[in-house]
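Read-outs throughout are calculated quantities, based only on the coordinates presented, and are distinct from any laboratory measurement. No experiment lies behind these values; they were computed from the predicted model shown. Methodologically, a virtual Cβ is constructed for each residue, glycine included, from the backbone with ideal geometry; neighbour enumeration extends over all protein chains shown.
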Amino acid sequence: METLELEKLKYPIGEFVPPENITSADIEKWITDIEAFPSSLEKEVRSLSSEQLSWLYRPEGWSIRQVVHHCADSHINAYCRCKLTITEDTPEIRPYLEAKWAVLPDADNDDIGDSLLILEGLHRRWVKLLRSLKDEDLSRLYFHPEHGRKFRLAEVIGSYAWHCNHHLAHVKQAIEHEGKF
C-alpha cells in the first residue's frame with residue numbers, strides 16, 4: 001500500500017490545523033460536534049457483531065472496539081484537562097500511553113456498551129461546561145509536556161471536536177472496507 005494511501009487511512013479527515021483566529025462560530029461548531037459524537041458513534045456501532053468490532057480501520061491500526069474504548073479514555077482525559085485549565089494557572093497536564101491503554105483488557109473486548117455510556121454522560125457534562133465558558137476562559141492555557149508547548153483552551157476544544165470526527169471516520173472506514181485493506 002502506498003504511503004499516501006496509508007496516510008489517508010490514518011487521517012481520513014486530515015490532521016487538525018487550528019484557524020489563526022478562532023471565532024465564537026468556530027467554538028460553537030466544535031462544541032456541537034462534541035455534543036453529537038456519542039449518538040453518532042453509537043448509531044454506527046450498535047448493531048455490529050463481535051467479528052465486525054474486530055475490523056481494523058487501516059493496516060496495523062486499531063479495531064473498531066479499540067477505537068470506541070479509546071474515545072472514552074481520551075475524552076475522560078480531555079474533560080479533566082479542560083477543568084484543570086479553568087481552575088488552575090497553566091497546569092501541566094499528564095500525558096498517557098494511548099497505545100498501551102488500547103490493549104488493556106477493558107479496552108480490547110467486545111463490551112463497548114460501557115464506553116458508549118461513558119461517552120454519553122461525559123459529553124453531556126463536557127458540553128455543559130464548554131457552553132458556560134467566557135472569552136477569558138477560552139484564553140486559558142495548559143502545558144503539554146509531550147508537545148513541549150502551551151495550548152489555549154479554545155484550540156483544545158477544536159482539537160477534540162476534530163478527534164471526535166477523526167475517530168468516527170475511522171469507524172465508518174472500517175465498516176466500509178469490512179476491515180480489509
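Helix 64-87 against the longest principal axis of the chain: what's the angle in degrees, Cα atoms only, rounded to the nearest 10?
10
Which of the GluC sites (Glu not before Pro) found in region 1-54 are loop residues per DSSP with 11 or fewer other Cβ atoms within 10 Å of their Cβ?
Of the GluC sites (Glu not before Pro), the ones in loops of region 1-54 whose Cβ has at most 11 other Cβ atoms within 10 Å are E2, E15, E20.
In degrees from 0 to 90, rounded to the nearest 10, what is the angle of the helix 24-45 Cα long axis to the longest principal axis of the chain?
30
Compare the peptides 113-124, 153-164, 132-143 by average per-residue count of other Cβ atoms within 10 angstrom and give them in order, highest first.
Packing proxy ranking, top to bottom: 153-164, 113-124, 132-143.
What trypsin sites (Lys or Arg not before Pro) in region 143-181 are in a loop by DSSP, with at most 15 other Cβ atoms within 10 Å of the Cβ?
Those that pass, being in a loop and sparsely packed, are K180.
Could you tell me which of rounded, prolate or oblate describes region 58-98, using a ≥ b ≥ c as the square roots of the eigenvalues of the alpha-carbon gyration tensor, with rounded for a/c under 1.5 and, failing that, prolate when a/b is larger than b/c and oblate otherwise?
prolate
Percentage of Cα-Cα pair distances in region 93-181 greater than 20 Å, rounded to whole percent?
For region 93-181, the fraction of Cα-Cα distances above 20 Å is 54 percent.
If one takes the longest principal axis of the Cα atoms in the chain, at what angle in degrees, from 0 to 90 and to the nearest 10, does the Cα axis of helix 113-131 lie?
Here the helix axis deviates by roughly 20 degrees.
For the chain, what is the calculated [θ] at 222 nm in deg cm²/dmol (nearest 500), taking -39500 (n - 2.57) for each run of four or more DSSP H residues and dividing by its residue count?
Rounded to the nearest 500, the figure is -19500 deg cm²/dmol.
I need the trypsin sites (Lys or Arg not before Pro) found in region 1-48, filtered to DSSP loop residues with at most 10 other beta carbons within 10 Å of theirs.
Sites meeting the loop and neighbour criteria: R46.
Bin width 10 Å, alpha-carbon pairs only: give the P(r) of the chain as whole percents, running from 0 to the bin holding the largest distance.
Each 10 Å bin holds this share of Cα pairs: 9, 36, 36, 17, 2.
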